[in-house]
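The values are calculated or read from the model by the stated rules, or taken from the named source; none is laboratory data. Remember, predicted model here, so these are calculated numbers, not experimental data. Cβ placement follows ideal geometry from the backbone for every residue including glycine, while neighbour counts extend to all protein chains displayed. In case anyone asks, the SASA skips ligands and DNA or RNA and just uses the protein heavy atoms, side chains included. Shrake-Rupley method; radii C 1.70, N 1.55, O 1.52, S 1.80 Å.
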Amino acid sequence: MKRVEFTIRNDDGDLLREPAFVEKCSELPMAIKGAVEDFMEANDGKLHMPLLIHVKPIADAEAC
């Protein structure tokens, strides 16, 4: 299993949401898209660019 954690920050270093996890690497693009859409919906469509996306494996899991 390749369980990974991802965080998304704006260029000021502010978290868009708390760190999230996916069980399969194939789920990562949709999870990131969903997190960005949720943030934009909560902030009247505003989003500071660029976005910094950090992905790391959990414990001894393989990276994507």
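Here are the numbers:
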| read-out | value |
| --- | --- |
| Residues that are part of a loop (DSSP other than H, G, I, E, B) and open to solvent by 60 Å² or more (accessible area, probe 1.4 Å), drawn from the range 1-42 | M1, K2, R3, D11, D12, D14, R17, E18, E23, K24 |
| Output for the range 23-57, where each listed residue is in contact with a Phe, Trp or Tyr (Cβ under 7 Å, 6 or more places away or on another chain) and within 11 Å of V4 (Cα to Cα) | L28, H54, V55 |
| Qualifying position, being within 8 Å of the chain's Cα centre (by Cα) and among the small types (G, A, S), among A42, A59, A31 | A31 |
